[in-house]
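Mind having a look at this structure? Questions to follow.
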Amino acid sequence: MRSTSALVALLSSAALFSASGATPVGSQLTKRYHDVRLQHDNPPEDLLCPPLKFPVPIPVNGVSLSTAHWKDGNNCRRTVNVTIGSTTYPALALGECATCDTNGLGINDPFWNKVVGDETDIFSITGDWIFTD
């Protein structure tokens, strides 16, 4: 009887865990952000990661994190997967997006052009993202 109740408790927590959108990645628990606004953004230099510590290969799928996720630069250079439609793109957090929604992302020129192409009248799209490191 005890093992049955332990199994039920474990399955209940797994269901809650799954419903929360949290995903285990490495030793951390990471949340996936669904149907968020992704906008074209190239942050000014004062909102970028310190350039001398980490050379960035260009072109890179670069994203800028909202102020809530930037955390004063502590999430600088973290890797993210961005899913748009059925395609997932690896990306690198390069800066802060001061105009992004709380869970939204800014997308740099090379990444934006890869996803949207030459469309000049599109300023934001919807997608999902998650930290992968």
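The values are calculated or read from the model by the stated rules, or taken from the named source; none is laboratory data. Because the structure is predicted, anything quoted here is derived from the model rather than measured. Backbone-built Cβ (ideal geometry, glycine too); neighbour counts: all protein chains shown.
So, of the residues in the stretch 83-124 that are within 9 Å of the chain's Cα centre (by Cα) and surrounded by 22 or more Cβ atoms within 10 Å (Cβ to Cβ), which turns out to be farthest from Val36 (Cα to Cα)?
In this case the residue turns out to be Ala93.
For the stretch 30-111, please list each of the strands (runs of 3 or more DSSP E) lying entirely inside it that holds at least 3 residues being acidic (Asp, Glu) and modelled with pLDDT of 95 or more. Step through it out loud before you land on a result.
Values: elements: 33-40, 62-66, 79-84, 87-97, 105-107.
Strands (runs of 3 or more DSSP E) meeting the threshold: none at all.
Any residue in the stretch 30-43 that's in contact (Cβ under 8 Å) with a residue 40 or more places away in the chain: show its pairings with residues that are surrounded by fewer than 21 Cβ atoms within 10 Å (Cβ to Cβ) and of a type in the set (Gly, Ala, Ser) at Cβ separation under 6 Å, as long as the two are six or more apart or on different chains.
Lys31/Gly21; Lys31/Ala22; Arg32/Gly21; Arg37/Ser124; Gln39/Ser124
Identify the residue in the stretch 112-133 that is assigned to a loop (DSSP other than H, G, I, E, B) and charged (D, E, K, R) and, among all such residues, is nearest to Asn75 (Cα to Cα). So that I can check it myself, show each step before the final result.
Just the residues of the stretch 112-133 that are assigned to a loop (DSSP other than H, G, I, E, B), to begin with: 117-123, 132-133.
Among the residues that remain, those that are also charged (D, E, K, R) are: 118-119, 121, 133.
Details: Asp118: 30, Glu119: 30, Asp121: 31, Asp133: 10 Å.
For the stretch 112-133, the residue satisfying everything is Asp133.
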